[in-house]
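Single-structure report; data block below.
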Amino acid sequence: MTTQTMKIAVLPGDGIGPEVMAAALELLHVVRAACGGPVLQFDTRDAGAQFYARSGVALPEATVEACRQADAMLFGAMGWPDIRNADGTEIMPQLELRMEFSLYAGVRPIRWFPGVPMVLADERARAIDFVLIREQTEGLFYSRGRGRMVGDSEAYDTMQITRAGTARVSEFAFRLAERRRARRAAAGLHSLVTCVDKANVFLSMAFFRRVFDEVAARHPEIAADHFLVDAMAMTMLKRPWDLDVMVMENMYGDILSDMGAGLIGGLGMAPSGDIGDDHGLFQPVHGSAPDIAGQGRANPCAMFLSAAMMLDWLADRHGEPRLEVGARVIESAVEMALTSGSVVPMEYGGDAGTRAVTEAVIGAVPGALRRLG
């Protein structure tokens with residue numbers, strides 16, 4: 001029988017991006033050898049701020065076309081503080097890819113892993129496991145490249161909220177809550193989708209809430225509620241273990257997702273997926289980290305967990321359960337490595353750099369596979 005091959009467009013990018021990407025590809029090779037399943041064919045492509053500085057192009061058309069033809073995109077980190085567009089904004093090809101492929105659902109899992117320092121002084125923080133979903137094709141980010149200056153005295157950026165955009169990301173949130181329902185029920189928790197907005201102030205946010213409520217009415221089996229974004233920020237600090245799935249406008253999600261990463265130990269443990277109807281891009285939440293780039297200090301766990309998200313998404317799209325097993329193996333191997341006591345990432349005050357963490361996670365793969373049975 002012919003083994004299926006899936007093409008992965010790999011965009012290492014800038015700063016620590018190539019470092020954590022190399023670690024993730026090494027791990028994926030080991031996991032595939034252990035679990036079987038489709039061959040992952042990696043197609044590495046240029047993009048990013050440092051490539052822009054060399055070539056004058058941040059996102060070559062050949063890279064875009066490779067992404068279009070790929071089964072999934074795996075992304076390291078892009079951007080560099082000193083390399084900017086003429087208007088003063090940073091070079092960020094990831095935003096262009098979101099628009100090009102209509103990657104409307106920014107999925108940010110916020111889950112505490114044993115072995116990572118607890119930020120909140122409450123034992124219930126061990127149960128933090130929620131998902132923040134950003135609508136990524138409109139909101140305030142719609143204004144990128146469309147802002148307006150009035151002389152040298154005023155600047156305007158306009159938020160866009162559409163019925164179609166809000167409805168599809170809300171539907172995505174309810175479908176995700178449905179997939180999480182069995183696991184939450186086993187833990188004695190109910191399923192909940194929370195609309196995060198500022199509907200008490202802005203017409204656009206009142207509209208966002210109204211469309212969300214229309215979608216919620218089509219999913220009576222899943223509870224729904226609302227939080228103003230400022231109240232949600234407080235709730236995330238006081239009782240994040242009560243949260244399940246949250247859906248919100250782009251800028252609010254950009255801010256709260258980093259806050260969520262802070263709850264679970266930092267950006268080094270924060271993966272993400274940018275999901276559309278036909279394409280998926282997976283990347284760690286952290287940026288290019290110029291202060292540690294090239295030093296081998298980066299924590300690659302967020303990149304590993306992003307690769308696991310990619311395997312899950314591919315498994316669902318292609319009906320390939322061995323990819324899902326691979327995703328669980330990666331998550332379990334990360335947990336086992338961090339709880340072993342033998343490796344503490346520099347991010348948490350230890351002496352383990354990128355290589356040491358990678359070796360520890362790879363070394364845990366056989367045990368992770370046995371643990372999963």
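The values are calculated or read from the model by the stated rules, or taken from the named source; none is laboratory data. Note that the structure is a prediction, hence the values are computed from the model and not measured. Quick reminder, even Gly has a Cβ in these numbers, built from the backbone with ideal geometry, and neighbours come from all protein chains shown.
Answer yes if at least one residue in segment 77-93 is within 20 Å of Phe304 (Cβ to Cβ), touching a helix residue (DSSP H, G or I) at 6+ places or on another chain (Cβ under 6 Å) and not assigned by TED's automatic domain parsing to the domain that holds Glu138, and no otherwise. Yes - at least one qualifying residue is present in segment 77-93. Of the residues Ala66, Ala77, the single one that is in contact with a strand residue (DSSP E or B) (Cβ under 9 Å, 6 or more places away or on another chain) and touching a residue at least 60 places away in the same chain (Cβ under 8 Å) is Ala77.
Residue-wise test of (1) out of contact with any Gly (no Cβ under 8 Å at 6 or more places or on another chain); (2) of a type in the set (D, E, K, R).
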| residue | (1), (2) |
| --- | --- |
| Ala49 | no, no |
| Val57 | yes, no |
| Ala77 | no, no |
| Ile83 | yes, no |
| Glu90 | no, yes |
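Taken over segment 230-259, the residue count meeting the criterion of being touching a strand residue (DSSP E or B) at 6+ places or on another chain (Cβ under 7 Å) and aromatic (Phe, Trp, Tyr) is 1. Contact annotation: no residue pair with Cβ atoms under 7 Å, 6 or more positions apart or on different chains, pairs a residue in segment 259-273 that is under 13 Å from Phe304 (Cβ atoms) and not assigned by TED's automatic domain parsing to the domain that holds Glu335 with a partner that is surrounded by fewer than 21 Cβ atoms within 10 Å (Cβ to Cβ) and charged (D, E, K, R). When Asp71, Asp87, Asp82 are screened for being surrounded by 18 or more Cβ atoms within 10 Å (Cβ to Cβ) and among the acidic types (Asp, Glu), only Asp71 passes. Give me a count of the residues in segment 51-80 that are part of a loop (DSSP other than H, G, I, E, B) and closer than 15 Å to Pro12 by Cβ. Residues flagged as part of a loop (DSSP other than H, G, I, E, B) and closer than 15 Å to Pro12 by Cβ within segment 51-80 amount to 7. Checked against (1) hydrophobic (A, V, I, L, M, F, W, C); (2) in contact with a Phe, Trp or Tyr (Cβ under 8 Å, 6 or more places away or on another chain); (3) in a helix (DSSP H, G or I), Phe212 passes all but condition (2).
Can you find a residue that is under 19 Å from Arg322 (Cα atoms), free of Cβ contacts under 8 Å to residues at least 60 places away in the same chain, of a type in the set (Gly, Ala, Ser) and out of contact with any helix residue (DSSP H, G or I) (no Cβ under 6 Å at 6 or more places or on another chain) anywhere in segment 32-47? Yes; the residues of segment 32-47 include at least one that is under 19 Å from Arg322 (Cα atoms), free of Cβ contacts under 8 Å to residues at least 60 places away in the same chain, of a type in the set (Gly, Ala, Ser) and out of contact with any helix residue (DSSP H, G or I) (no Cβ under 6 Å at 6 or more places or on another chain). Checked against (1) closer than 26 Å to Thr354 by Cα; (2) of a type outside the set (Ser, Thr, Tyr); (3) at pLDDT 95 or above; (4) within 18 Å of the chain's Cα centre (by Cα), Gly79 passes all but condition (3). Taken over segment 225-245, the criterion of being out of contact with any Lys or Arg (no Cβ under 9 Å at 6 or more places or on another chain), assigned to a strand (DSSP E or B) and crowded, with 17+ Cβ neighbours inside 10 Å is satisfied by Phe227 alone. If only residues of segment 141-160 that are within 23 Å of Asp274 (Cα to Cα) and either of a type in the set (D, E, K, R) or within 19 Å of the chain's Cα centre (by Cα) (or both) are counted, the one that is surrounded by the fewest Cβ atoms within 10 Å (Cβ to Cβ) is Arg146.
Selection of segment 32-46 for residues being on the phi < 0 side of the Ramachandran plot and not basic (Lys, Arg) yields Ala33, Ala34, Cys35, Pro38, Val39, Leu40, Gln41, Phe42, Asp43, Thr44, Asp46. Residues that are surrounded by 22 or more Cβ atoms within 10 Å (Cβ to Cβ), in contact with a helix residue (DSSP H, G or I) (Cβ under 8 Å, 6 or more places away or on another chain) and β-branched (Val, Ile, Thr): does segment 97-111 have at least one? The answer is yes; a qualifying residue exists.
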